[in-house]
Amino acid sequence: MPTLTAADGTELAYHVMGEGEPLLCLPGGPMRASAYLGDLGGLSGHRRLVMLDARGTGGSGIPDDPATYRCDRQVDDVEALRAHFGWERVDVLAHSAGGDLAILYAARYPHRIRTLSLITARARALGVDFTDEHRREVIALRTAEPWFEAARGAYEAIWSGSATDADFDAAVPFFYGRWDAAARAHAAAEVEQTNESAAGGFASSGAFDPAAARAAVAGLDAPVLLLAGELDSGPRPHVAAGIAELFPRAELTVQPGAGHYPWLDDPGRFTRTVAAFLARGHGPSAG
């Protein structure tokens, strides 16, 4: 797999699939290898997906300094990938916790962002978090599911901080719009794909300065897409709407029936939505 060298000497791996204009993809987790993104529901049929494995995940090397797992310190890795390809400006897509990294990158390098697609994305970088109330909203939406009774208690235990490994396993269906064979296979790969020790440092003290980030993105000229899942708790659609208001050129779309991984729940709708946004947002070519 292709690699580049980060500013601190850590080897970073990336994966390329598809043809056409590049789309730089940042995975979430936090600290989950980009393999879980697949081809984003067929988006590789529209764009050349360039997927970064964050340091310490997938094919990327383990840094000498574990403190560099902190989200704000990984911004330099994103910039290193952009510089590696020589893009003047680039479309960036981020999922889940990767949203924080993408927001911090946009805050520090606004002139490098062509468009920004935030897919069921976190925004702790902007001071927005997800609450117990949001999770209770999702519980109320899933009561008719055949797995609901077995999963409800486990889901509540996770957010109360008392969860066991068995609770995490039992609650997984809440994160998917459809708990089918594809969702089960996707969920089963999470532990192997995630660097748990690194994940603990991703949002550690000092990672975020929400006031500074809000001020920076308030001047971002690039179009921004907020794509929320109707059934997702992080963020709920109304929370994603609030995040969108923090950007001057943002639009919100809510994917019906989708959980936290909307490209799995309805690949066709997801691909059409993102591809159409990217087409609308294009200025000069990224190269």
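The values are calculated or read from the model by the stated rules, or taken from the named source; none is laboratory data. Just so you know, these numbers come straight off a predicted model, no measurement behind them. Positions of Cβ are generated from backbone atoms using ideal geometry, with glycine treated the same way; all protein chains shown enter the neighbour counts. For accessibility, only protein heavy atoms count, side chains too; no ligands or nucleic acids. Shrake-Rupley method; radii C 1.70, N 1.55, O 1.52, S 1.80 Å.
D by Stokes-Einstein for region 107-191, Kirkwood Rh over Cα pairs, 37 °C, 0.692 mPa s: 218 µm²/s. Each residue of region 44-51 is assigned a 3J(HN,Hα), and the resulting list reads 5, x, 10, 9, 8, 7, 10, 9 Hz, derived from the Karplus form 6.51 cos²θ - 1.76 cosθ + 1.60 (θ = phi - 60°), x at Gly and Pro. Shape index of region 1-117: Rg/Rh, with Rg the Cα radius of gyration and Rh the Kirkwood radius from the inverse mean 1/r over Cα pairs, equals 0.92. Only helical runs count toward this figure. For the chain, summing -39,500 (n - 2.57) over DSSP H runs of n ≥ 4 and dividing by all residues gives -10000 deg cm²/dmol at 222 nm.
Ellipsoid fit via the Cα gyration tensor, region 134-287: semi-axes of 30, 21, 16 Å, each the root of five times an eigenvalue, largest first. With a point put 7 Å past each Cα toward its Cβ, work out how far ALA276 is from ALA215 in nm, to one decimal. Label at ALA276, label at ALA215, 3.8 nm between them. In whole percent, how big is the carbon plus sulfur part of the accessible area of the chain, probe 1.4 Å, protein atoms only? Here carbon and sulfur together make up 51 percent of the probe-accessible area. Of all DSSP bridge pairs formed entirely within the chain, close to 25 percent run antiparallel. Here the chain is assigned +1 on the Cβ of each Lys and Arg and -1 on the Cβ of each Asp and Glu. Its dipole about the Cα centre then comes out at about 800 debye. Summary of packing: across the peptides 191-197, 93-99, the per-residue average of other C-beta atoms within 10 Å ranks them, highest first, as 93-99, 191-197.
Over the chain, with the other protein chains present, what is the accessible area per residue in square angstrom, probe 1.4 angstrom? Heavy-atom SASA per residue in the chain reads 40 Å². Highest mean packing first, where packing is the average number of other Cβ atoms within 10 Å per residue, the peptides 231-244, 20-33 line up as 20-33, 231-244. Sequentially through region 19-28, phi angles give Karplus couplings (6.51, -1.76, 1.60; θ = phi - 60°) of 10, x, 4, x, 10, 7, 10, 10, x, x Hz, Gly and Pro residues having no value and appearing as x. Summarised as an ellipsoid, the chain has semi-axes of 28, 21, 19 Å, derived from the eigenvalues of the Cα gyration tensor scaled by 5 and square-rooted, with the largest first.
Backbone geometry of region 209-224 corresponds, through the Karplus equation with coefficients 6.51, -1.76 and 1.60 at θ = phi - 60°, to 3J(HN,Hα) couplings of 10, x, 4, 5, 5, 4, 4, 5, 6, 4, x, 6, 8, 6, x, 10 Hz, x marking Gly and Pro.
Dimensions of region 1-46 based on its C-alpha atoms, expressed as ranges along the principal axes with the largest first, amount to 34, 24, 15 Å. For region 204-274, list log₁₀ I(q)/I(0) at each q in 0.14, 0.19, 0.25 Å⁻¹, using the Debye formula over Cα point scatterers of equal strength and ignoring solvent, two decimals each. Log10 of I(q)/I(0), two decimals: -0.51, -0.82, -1.05. Once you divide the Cα radius of gyration of region 146-209 by 2.2 N^0.38 Å, the number left is 1.30.
Seen from a random direction on average, the alpha-carbon convex hull of region 187-243 projects onto 6.1 square nanometres.
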